[in-house]
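The values are calculated or read from the model by the stated rules, or taken from the named source; none is laboratory data. Computed from a predicted structure; not experimentally measured. Neighbour counts run over all protein chains shown; Cβ positions are idealised from the backbone, glycine included. To get the accessible areas, we keep the full protein, side chains included, count just its heavy atoms, and leave off ligands, DNA and RNA. Shrake-Rupley method; radii C 1.70, N 1.55, O 1.52, S 1.80 Å.
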Amino acid sequence: MRVFNTIAETRKFSGQARSEGKSIGFVPTMGALHPGHISLVERARRENELVVVSIFVNPIQFNNTADLEKYPRNLSSDLQLLKAAGCDVVFNPSVSEMYPEKIERHYDFGALATVMEGAFRPGHFDGVAIVVHKLFDIVLPHRAYFGEKDYQQLQIIRALVRQEDLQVNIVPCPISRENDGLARSSRNERLTPEMRNAAPFIYQTLLNAQALATNAESGRIIEYVYQQFANHPLLKLEYFVVANSDDLQPVSGKIKPGSFGFIAVFAGDIRLIDNIKLI
Ligand code: AMP
């Protein structure tokens, strides 16, 4: 496995691979890797001749400085996990390599970017789109793998690919969970033991909401979830939304096939997101 820190080396590798007709599978990450990330790498391994993983904590997608500063970083264990998963190239650039000068660009993803994470994390999706666009341009992947845990991000990337006519196939991957149901996330490492014990309540509540969903009105499900969190001593609900899985717009009235529940919860100062297909 090779580790590149520069755009030039990575571009050279990808250009060469492309000219030899080899397929490139790409998994963009911010490191602090866990089995959820590795499931994406393994899928890329099965479907491509070469696998490239990027590790880059992208400062411009953080709307909260403390979250950026405290974001976990474990490069040496990440590299071990990636080697074991059969990754060929790790692209691990510095911030100045990726952004030699201040970058500002605003993408228009319409209503897709104004709901949920877009509403609560201003600028977040511009930061995501800028980095992913740039990474695609460097890695030149045939396929890129994204987790459904960050469902809105997945839909934003699909919109980016359509808008910019990028020649890459976006492959969605299912949410990987701990045994107690908590969606795996690099931020879970930072939960106190007390918060870690409490956090499976999030998925449990989503499962209960799913059980209520057949024949129910979305307002009833939303009310149920807000009630569950209202008296929770540790977890603070930021939002729970019932939305259509394509355009992410809120579903009103009776739940339709393709409706998902999307949730964001604070466990202390750690913000966790999750989602579930309701019917
Ligand atoms: P991150 O390092 O958090 O930016 O995540 C990198 C990629 O891994 C994104 O496409 C995420 O959606 C995906 N990912 C993170 N956690 C999970 C998980 N628990 N299950 C599936 N995919 C995940």
Treating only Lys and Arg (+1) and Asp and Glu (-1) as charged, each at its beta carbon, one finds that the chain has a dipole about its Cα centre, in Debye to the nearest 20, of 440 debye
Considering amide H positions built from the backbone, and no H for Pro or chain starts, which residues 5 or more places from Ser54, or on another chain, come under 5 Å of its amide H? Val27, Thr29, Phe91
Ordered by number, the trypsin sites (Lys or Arg not before Pro) in the stretch 43-76 that occupy a DSSP loop and have at most 15 other Cβ atoms within 10 Å are Arg73
How far is helix 124-139 tilted off the main Cα axis of the chain, in degrees rounded to 10, range 0 to 90? 30 degrees
For the chain, with the dipole built from +1 on Lys and Arg beta-carbon atoms and -1 on Asp and Glu ones, taken about the Cα centre, which of Tyr203, Val57, Gly253 lies farthest toward the positive end? Tyr203
Per its Cα gyration tensor (rounded if a/c is under 1.5, else prolate when a/b beats b/c, else oblate), the stretch 169-279 is best filed as oblate
As a percent rounded to 5, the proportion of antiparallel DSSP bridges among beta bridges in the chain is 50 percent
Scattering profile of the chain from the Debye formula, Cα beads only, expressed as log10 I(q)/I(0) at q = 0.15 Å⁻¹, is -1.19
If I fit a long axis through the Cα atoms of helix 218-230 and take the longest principal axis of the Cα atoms of the chain, what angle between them do I get, 0 to 90°, rounded to 10? 90 degrees
Partners for Lys134 among lysines (Cα-Cα distance below 26 Å; same-chain residues under 8 apart left out): Lys12, Lys22, Lys70, Lys83, Lys102, Lys149
Answer with one residue from Ala111, His142, Ala159: the one whose Cα lies farthest towards the positive end of the charge dipole of the chain, charges on Cβ with Lys, Arg +1 and Asp, Glu -1. His142
For the stretch 40-108, listing GluC sites (Glu not before Pro) in a DSSP loop whose Cβ sees at most 11 other Cβ atoms within 10 Å gives Glu101, Glu104
Run the helix sum for the chain: -39,500 (n - 2.57) per DSSP H stretch of 4+ residues, divided by residue count, reported at 222 nm to the nearest 500 deg cm²/dmol. -12000 deg cm²/dmol
For the stretch 45-181, state the semi-axes of the equivalent ellipsoid (square roots of 5 times the eigenvalues of the alpha-carbon gyration tensor), sorted largest first and rounded to whole angstrom. 23, 19, 18
Could you list the square roots of 5 times each eigenvalue of the Cα gyration tensor of the stretch 111-192, that is, the equivalent ellipsoid semi-axes, sorted largest first and rounded to whole Å? 24, 17, 12
Suppose all protein chains stay in the model; what accessible area per residue would a 1.4 Å probe give for the chain, in Å²? 46 Å²
Ratio of Rg to Rh for the stretch 6-89, alpha carbon only, Kirkwood? 1.02
What spacing in nm lies between the two simple spin-label points modelled at Glu101 and Tyr224, each 7 Å away from Cα in the Cβ direction? 5.5 nm
Taking the Cα centre as origin and putting +1 on Lys and Arg beta-carbons and -1 on Asp and Glu beta-carbons, what dipole magnitude results for the stretch 168-279, to the nearest 20 debye? 100 debye
Apply the a/c threshold of 1.5 to the C-alpha gyration tensor of the stretch 91-158 and tell me whether it is rounded, prolate or oblate. oblate
